[in-house]
Amino acid sequence: MRPEPFTIDVPDAVLEDLALRLSRTRWPDDIPGSQWEYGSSLSYIRELVDYWRTSFDWRAQERMLNSFPQFKAEIDGLGIHFIHQRGTGPDPFPLVMIHGWPSSIHEMYKVVGPLTDPASHGGDPADAFDMVVPSLPGYGFSDRPKERGVAVASMAQLFFKLMTEVLGYATFGAQGGDWGSAITTALGYTYPEQVVGIHLSNIVAGRIRAPASDLSDAERAWREAGRVWGRDERGYSEIQGTKPLTLGYALSDSPAGLAAWIVEKYRAWSDCDGDVERRFTKDELLTNVMIYWVTETANSAGRSYYEASHNQAPVPRGGKVEVPTGVALFPGPIANPPREAVERGYNVQRWTEMPSGGHFAALEEPEALVEDVRAFFRPLRK
């Protein structure tokens with residue numbers, strides 16, 4: 001399990017093949033004036049692909065990512081890639097920060113510095129963290145699982161071993177959103193002696209269960225909002241949860257198709273008022289897409305939905321996470337649950353309703369997320 005230093009170094013041949021594929025994109029038709037109603041806007045994806053082909057500098061983004069110390073360690077037969085940035089302060093506290101889909105370690109690039117070296121970013125050095133930012137199995141530079149069943153519970157086990165057996169931390173905290181929220185939840189539930197607290201930037205809705213007769217008016221309104229959202233927005237989850245390989249052929253073959261699949265979610269799930277570049281630059285969008293493209297992980301990442309829907313839940317029905325939990329909810333277009341709903345499943349010790357931001361909190365509102373993470377873990381440090 002000894003971690004080995006890792007450097008991102010994409011072969012020139014991969015970039016040359018990408019340029020050729022982009023230049024030969026075969027575009028679909030659209031309904032004039034429909035924009036994003038039927039899916040990713042044809043005019044915007046054409047614009048993005050043109051920028052990708054003519055102006056985007058992967059090598060510059062590669063250098064930026066490589067400015068963070070990265071490693072890879074074999075755990076239970078899988079190579080797990082991760083950033084491990086040690087903190088600068090009197091007693092840095094270990095924190096694993098976990099991304100989701102369609103994200104990557106890139107989502108955290110704005111928060112690693114302030115969390116590891118608060119004094120250089122206007123903060124108190126006593127708030128320093130040792131940051132561990134892993135790529136999920138099947139995502140980015142981690143290995144692609146070759147066996148069935150690598151879902152939330154097994155990912156939590158892998159990351160627990162990463163923190164305790166590979167890196168040697170006796171206790172640690174965990175933070176996450178999207179799949180990261182589910183994995184963080186599983187870490188807190190399964191390993192309460194070692195995980196001193198968890199911080200969530202969105203909530204795993206399936207964790208919050210109660211008979212309809214016991215729900216508050218706010219909970220009923222939230223459930224109805226979730227039903228409406230699911231009707232219009234859950235297509236990605238249905239196909240990735242049932243027939244991911246069928247989609248995988250297209251995403252593995254067409255970089256324009258991969259960009260359209262991922263960028264549509266960055267627009268739909270962020271607090272951008274319909275303009276995705278209000279929140280993310282083209283370089284940020286494409287760097288994330290590139291991580292999926294150059295590692296050929298679009299299919300294996302999508303397969304995590306299938307594994308999650310076909311395997312036992314990591315937290316039993318009715319099970320409550322008893323470790324201290326911090327919740328920072330960003331208002332974006334996905335409805336957030338009321339506190340009374342979350343308290344059914346978590347020991348909520350800090351509750352923050354942010355004024356802006358959406359699903360990709362570390363990219364959209366890095367300063368707000370950093371401050372909330374610092375404040376939540378401050379009384380839990382040992």
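The values are calculated or read from the model by the stated rules, or taken from the named source; none is laboratory data. Quick caveat, the model's predicted, so the values are computed rather than measured. For neighbour counting, all protein chains shown are included, and Cβ atoms are generated from backbone atoms with ideal geometry for every residue, glycine included. Calculation scope for accessible area: heavy atoms of the full protein, side chains included, ligands and nucleic acids excluded. Shrake-Rupley method; radii C 1.70, N 1.55, O 1.52, S 1.80 Å.
Within region 316-325, can one find any residue that is open to solvent by 60 Å² or more (accessible area, probe 1.4 Å) and touching a strand residue (DSSP E or B) at 6+ places or on another chain (Cβ under 9 Å)?
yes
Being touching a residue at least 40 places away in the same chain (Cβ under 8 Å) and farther than 24 Å from Val111 by Cα, is that true of even one residue in region 352-363?
No, because not a single residue in region 352-363 is touching a residue at least 40 places away in the same chain (Cβ under 8 Å) and farther than 24 Å from Val111 by Cα.
Across region 178-198, what is the total count of residues that are open to solvent by 30 Å² or more (accessible area, probe 1.4 Å) and in contact (Cβ under 8 Å) with a residue 60 or more places away in the chain?
So the count comes out to 5.
Identify all residues within region 179-206 that are at pLDDT below 95 and in a loop (DSSP other than H, G, I, E, B); write none if there are none.
Within region 179-206, Asn202, Ile203, Val204 qualify.
If you take the residues of region 128-177 that are among the aromatic types (Phe, Trp, Tyr) and part of a strand (DSSP E or B), which of them is surrounded by the most Cβ atoms within 10 Å (Cβ to Cβ)?
Restricting to residues being among the aromatic types (Phe, Trp, Tyr) and part of a strand (DSSP E or B), the top hit is Phe129.
Six or more apart or on different chains, Cβ under 6 Å: which pairs go from a residue in region 104-120 that's closer than 15 Å to Gly177 by Cα to one that's open to solvent by less than 10 Å² (accessible area, probe 1.4 Å) and among the polar types (S, T, N, Q)? Could you list them?
Listed by first residue and then by second, the contacts come to Ser104/Asn288; Ile105/Ser135; His106/Thr287; His106/Asn288.
Checking the structure you have, find out if any residue of region 293-305 is among the aromatic types (Phe, Trp, Tyr), in contact (Cβ under 8 Å) with a residue 12 or more places away in the chain, part of a helix (DSSP H, G or I) and open to solvent by 10 Å² or more (accessible area, probe 1.4 Å).
Yes, some residue in region 293-305 is among the aromatic types (Phe, Trp, Tyr), in contact (Cβ under 8 Å) with a residue 12 or more places away in the chain, part of a helix (DSSP H, G or I) and open to solvent by 10 Å² or more (accessible area, probe 1.4 Å).
Is there a residue in region 358-366 that is modelled with pLDDT of 95 or more, open to solvent by 10 Å² or more (accessible area, probe 1.4 Å) and in contact with a Pro (Cβ under 6 Å, 6 or more places away or on another chain)?
Checked region 358-366: no residue is modelled with pLDDT of 95 or more, open to solvent by 10 Å² or more (accessible area, probe 1.4 Å) and in contact with a Pro (Cβ under 6 Å, 6 or more places away or on another chain).
Trp351 - would you say it is surrounded by fewer than 20 Cβ atoms within 10 Å (Cβ to Cβ) and of a type in the set (Phe, Trp, Tyr)?
yes
Out of Arg220, Arg231, Arg209, I need the residue that is modelled with pLDDT under 95, over 29 Å from Val14 (Cα atoms), open to solvent by 50 Å² or more (accessible area, probe 1.4 Å) and part of a loop (DSSP other than H, G, I, E, B). Which one?
Only one candidate qualifies: Arg209.
Six or more apart or on different chains, Cβ under 9 Å: which pairs go from a residue in region 219-234 that's farther than 16 Å from Glu37 by Cβ to one that's open to solvent by 50 Å² or more (accessible area, probe 1.4 Å) and of a type in the set (Gly, Ala, Ser)? Could you list them?
Short answer, once both residue conditions are applied: Arg220/Ala212; Trp222/Ala205; Arg223/Ala205; Arg223/Ala212; Gly226/Ala205.
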